[in-house]
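Participant: Could you have a look at this structure, given as structure tokens, before my questions?
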Amino acid sequence: ADQNTNFVTIETVARYYDIDLDAETITYKGSSEFCAHNLVIPDEVTYKGKQLKVLFAKGCFLNNFHLVNTITLNKYMDNIPQRCFENCASLRKVIFTTYPKVVQKRAFMNCLLVKDFRVLINNREYQN
């Protein structure tokens, strides 16, 4: 854990997170394994009684070769970090719940099976 009590790195069930209570965010940093073929990232989680926005770190799904087929990104994930999904060989579908404003370089490099990028119909920004 970091010395600042409002910023801490935790590991749970082979998943890694940075929690910043000042910014009210929890950043998913990666995993040594996944247990879900269809992964839905929640908008927020509760930690120590505070609602925290869920974000991604650069390269957090890097080299996730076999397990995630479909991922639904939350409304805060409008900036896809560099190398976020690089080499995710089994990834086939990415669903955005908000309009993606920035997709950084190599975000989907070598994701050869991705054929379906969707923005949900009820998204106001996408409809404009």
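Participant: Starting from the residue with the highest accessible area, list M109, M77 in decreasing order, probe 1.4 Å.
Facilitator: On the way: M109 80, M77 5 Å².
Per-residue accessible area, sorted high to low, gives M109, M77.
Participant: Just subtract the alpha-carbon distance of D116 and N79 from 0.36 nm times their residue separation and send over the number in nm, one decimal.
Facilitator: 11.5 nm
Participant: Sorting V114, V40 by accessible area (1.4 Å probe), largest first, what list results?
Facilitator: Reading off the accessible areas and sorting them downward yields V40, V114.
Participant: Expressed in nm to one decimal, what extension gain is obtained for the pair S90 and T46 from 0.36 nm per residue of sequence separation less their Cα-Cα distance?
Facilitator: On the way: separation 44, 0.36 × 44 = 15.84 nm, distance 3.03 nm.
Length difference between fully extended and current span is 12.8 nm.
Participant: Hey, another quick one. Past 28 Å, Cα to Cα, is the threshold; run K50/K105; K29/K105; K48/K101; K48/K115; K50/K93; K50/K115 against it and keep the listed order. Let's see the in-between values first.
Facilitator: Values: K50/K105 33 Å; K29/K105 18 Å; K48/K101 31 Å; K48/K115 39 Å; K50/K93 31 Å; K50/K115 37 Å.
Check vs 28 Å cut-off fails for K50/K105; K48/K101; K48/K115; K50/K93; K50/K115.
The values are calculated or read from the model by the stated rules, or taken from the named source; none is laboratory data. Note that the coordinates shown come from a computational prediction; the quantities given were computed from them, not determined experimentally. Surface areas here come from the heavy atoms of the whole protein model, side chains and all, with no ligands, DNA or RNA. Shrake-Rupley method; radii C 1.70, N 1.55, O 1.52, S 1.80 Å.
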